[in-house]
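Structure first, commentary second.
Read-outs throughout are calculated quantities, based only on the coordinates presented, and are distinct from any laboratory measurement. Predicted, not measured: the structure shown is a model, and the values here were computed from it. Cβ: placed from backbone, ideal geometry, glycine included. Neighbour counts: every protein chain shown.
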Amino acid sequence: MRLLVLFVAFGLAEWSSAQSSVVINELQGANRNTVIQADGSTPDWIELYNTGDSLIDLAGMRFSVVGRMHVLEAQLSIAPKEHLLLWFDGHPERGPQHVGFTLPRKGGTLLLIAADGVNMLDVFTYPAMAGDLSIGRLQDGSAAWTYFECPTPGKPNNGELELHGRTLTPGIDSSRTAHSDTREVALLAEHADRIRYTTDGTEPTLINGSDYTGPITFDRDLVIRARAYSSTALPSKEFCSTYNMEGLADVGITIAMDQEGLSDDSIGINVEGALANFSRRGRDWERLAMVKFNGTTDVPIPIGISIHGSGSRSLPKRSFKLHARDRYDSPVKGLRLSGEEHFQEGILRADAGAHTFLRNRFMECLVLSNDLHVDVQPSIPVPLYLNGRYWGLYRWMPPKDKQWLERISGSEAVDVLEGPAAVVRSGSDSHFKPAMAQLFGGAPLDSIAAHIDVANLIDLACLDLYTGRADHDLNVRCYRPRLADGRWRWVLYDMDLWAPAGENSVERMASASGSETPYIPQLLHQHELRNALLARMTALLATALSPAKAQRLADSVYDASCEELVADHERWQPEMDRPDPEACHEALATFIQQRPTDLISFLSERTGLRTRSVTIEVPSVERGAMLLEGLRLPSGTQRIICFEDVLLDVEVVPVEGQSLLSWRGADGAGTKVTIDPEHTRTLRPNLVPAVP
């Protein structure tokens, strides 16, 4: 049996006892539900005990762990044979019993040092522990130590048996599990006295579940959860495995949880009707669950689960948020996104239908494949199984919170603002107001660029104008690396509510009276910003958003998830009347073909700038590439529709063995030129073999 080992420096503890009567009596480094404070927090704690016959003054004593130290500066004392709880919550400002750091979740050596800063009063090295377990002296002040399944903070320790490890987790007994059409699973746990299991999603305990006596046979979708027990060790970690009668997808996510926690009328988080529990938020509406990432070597892990989103909450198919928290015994590194990326929270985005999925996924792939200047959450389309039942096609993604934003920005801290009101979610908004003052005041471009990543804002505006999404003013999230030269950037998300292709979104957004992101009135008012916006839009419509290229992307997105979209449609159609996936694909194709022409017309009408046509002869890929405003043009003769008085930057990048001899249609000898549509009708680089 593999045991968790208690490391206690008995010699040092015995020596320390001669110096003082105060000892570390009990410790909990992963408080889940043992003690819940008034604010809902579950802090780590230790319990001190006075083994002596006189009052002990703790002032000046200090705790140290992994290089951190806290001095008990306020007046604290322990009466003879009494206990004192200290909260390791990192909030010493809350009172003398609150310590300025938390206990390491992975374990560590905790030192109790005398007020002289030299003498050691007690020392204890503890391992990583499961939530709601504590570790302490078998009896108050005794030398023997044990785990406590039922911690006793502030109360006497009355242990009867030293438990120094955990029973081995059950596994599948391959020698007894059937390999035929029979749905049968056999379990095995070495050195265990008994195995308790459930098939309804609930957690197996000594009270809940059944004793395992032989292979489990089933004829329905279900999840088997099991735990092994021994009289000489703690209960095992949980075995959890999902079974679907149609078979599980190789890449997917399975979740197991108490069905009552999901759908019970009063406590379920996914309940409709009069109680509308799906609208509830906060810790009280998180539930414990087990999650497994199919197709990986990961084992099921405990997490918290809640309903996610705002407007989507009212739909039968809802999004979920998974939380890796100490109180659920989740892994310290968090939840796997892809490869080696891990986050403390993750979103299972429930796109309402194929139209929502295709639009969101199209925009995500468009941004990432063309390296556009906006940030978009990367997602992985996955089938979700909930307690064995197929729950539909979801997109697994990181939340757009500070952890993800810190990672993509390479910054250790970020300021994060949300919504039209720019509500602070992290950091502060002290740098946002001067940025807006520059933008709304029509300041010179270099002044605005000192506060705002202009390329980011312009790409956001271009994509919002292209889709014409009606909720662009609500889906707002911006952030700034907390550095001296940090600039504000915007995140692109919830790109599913597109306008009809012929709707004049330019006029609608440009007529906004309030402070609406992406600030179309302000961008069109300031001359430099207007021309930068029109130049970038010209380039996008000629490259990434050209009907040919955009259609290929839309087709690839649809083809990659067609079968899953059909299965999802069949799963949810009885509860949500939605168009079939093929119709949604055709509608997206129609939009892609029609939108560029209409959008150019709307921009011309709003700005009063006439359109012009420039033909660019792009070399074959064997000879080189050409970039228009930083975006790669396809090879061949390209007819670009642009705007008068709006200059365009063009660059040629010859392949090795080729060099630029000259330009036809533009002045300049370098690989980069700027063209004026008023004077340039045709542009061609003259590439020749490079001279050795």
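Computed over segment 139-241, the alpha-carbon pair-distance distribution with 5 angstrom bins reads 2, 12, 20, 19, 14, 11, 8, 5, 4, 2, 1, 0, each value a whole percent.
Taking +1 at the Cβ of each Lys and Arg and -1 at the Cβ of each Asp and Glu, which of P685, W498, S447 sits farthest along the dipole of the chain towards its positive end, judged by Cα position relative to the Cα centre? Among P685, W498, S447, the one farthest towards the positive end of the dipole of the chain is P685. With a cut-off of 9 Å between beta carbons, the residues surrounding D258 carry a summed charge of -3, where Lys and Arg count +1 and Asp and Glu -1.
Relative to the longest principal axis of the Cα atoms of the chain, helix 10-19 runs at roughly 70 degrees.
Once backbone amide H atoms are built at 1.01 Å from N, W488 has I452, D453 as its partners under 5 Å, excluding neighbours fewer than 5 places away on the same chain. Given 4 °C and 1.567 mPa s, compute D for segment 611-689 with the Stokes-Einstein relation, Rh being the Kirkwood radius over Cα pairs; round to the nearest whole µm²/s. This corresponds to a translational diffusion coefficient of 104 µm²/s.
Summary of the geometry: segment 98-150 and segment 474-536, compared by the centres of their Cα atoms, lie 54 Å apart.
Residues whose amide H comes within less than 5 Å of that of G60, counting only those at least five positions distant or on another chain, are L72, E73 (H built at 1.01 Å from N in the peptide plane). Each Lys and Arg contributes +1 and each Asp and Glu -1, all at the Cβ; summed about the Cα centre of the chain, the dipole is approximately 820 debye.
This structure gives percent of Cα pairs over 50 Å apart, computed directly, and of (1) 14; (2) 17; (3) 30 that value is listed as (3).
Remark on S330: its backbone amide H falls under 5 Å from those of R325, a criterion applied only to residues 5 or more positions apart or on other chains, H modelled at 1.01 Å from N. Report, in degrees rounded to the nearest 10, the 0 to 90 angle that the Cα long axis of helix 527-542 makes with the longest principal axis of the chain. Roughly 90 degrees between the two axes.
Inter-label distance, E622 to T674: 3.6 nm, where each label sits 7 Å from its Cα along the C-beta direction. With respect to the cross-link table entries K317/K549; K292/K400; K106/K333; K106/K402, which display a Cα-Cα separation exceeding 21 Å? Beyond 21 Å between Cα atoms: K317/K549; K292/K400; K106/K402. Computed over the alpha-carbon atoms, segment 185-319 gives an Rg to Rh ratio of 1.01, Rh here being the Kirkwood radius from the mean inverse distance. For segment 465-481, backbone phi angles converted through the Karplus equation (6.51, -1.76, 1.60; θ = phi - 60°) give residue-by-residue couplings of 5, 5, 7, x, 4, 7, 10, 4, 6, 9, 8, 10, 8, 10, 8, 9, x Hz, Gly and Pro being listed as x.
Ranked for footprinting exposure by Cβ neighbours inside 10 Å, fewest first, M397, M69 give M69, M397. Within straight-line reach of K81, meaning a Cα separation under 17 Å, sit the following lysines at least 8 residues removed in sequence or on another chain: K155.
Simple rule: put +1 on each Lys or Arg Cβ and -1 on each Asp or Glu Cβ in the chain, find the dipole, and look at L55, P383, I303; the Cα lying farthest toward the positive end is P383. The charge dipole of segment 171-348, taken about its Cα centre with unit charges on the Cβ atoms of Lys, Arg (+1), Asp and Glu (-1) only, comes to about 520 debye. Quick check on segment 23-141: take the gyration tensor over C-alpha atoms, sort the square-rooted eigenvalues as a ≥ b ≥ c, and tell me if it's rounded (a/c under 1.5), prolate or oblate. Rounded is the answer for segment 23-141, as its axis ratio a/c remains below 1.5.
What's the magnitude of the charge dipole for segment 10-148 around its Cα centre, counting Lys and Arg as +1 and Asp and Glu as -1 at the beta-carbon? Answer in Debye, nearest 20.
Values: 8 positive and 15 negative charges, 83 e Å.
About 400 debye.
Stokes-Einstein diffusion for segment 296-420, with the hydrodynamic radius set to the Kirkwood value over Cα pairs and evaluated at 37 °C in a medium of 0.692 mPa s, equals 207 µm²/s.
Which of the listed residues, A226, T242, L262, is farthest toward the dipole's positive end in segment 206-266, when Lys, Arg count +1 and Asp, Glu count -1 at the beta-carbon? It is A226. Estimated purely from DSSP H runs of n ≥ 4, each contributing -39500 (n - 2.57), the mean residue ellipticity at 222 nm for the chain is -6500 deg cm²/dmol once divided by its residues. Phi angles of segment 275-288 translate, via the Karplus equation with coefficients 6.51, -1.76, 1.60 and θ = phi - 60°, into HN-Hα couplings of 7, 6, 4, 5, 8, 6, 9, x, 4, 4, 10, 9, 10, 6 Hz per residue; Gly and Pro are given as x. Other residues with beta-carbon under 12 Å from the beta-carbon of H70 carry, at +1 per Lys or Arg and -1 per Asp or Glu, a net charge of 0. What the Cβ-Cβ distance of E93 and A512 gives, at R0 = 45 Å and to the nearest 0.05, is a FRET efficiency of 0.55.
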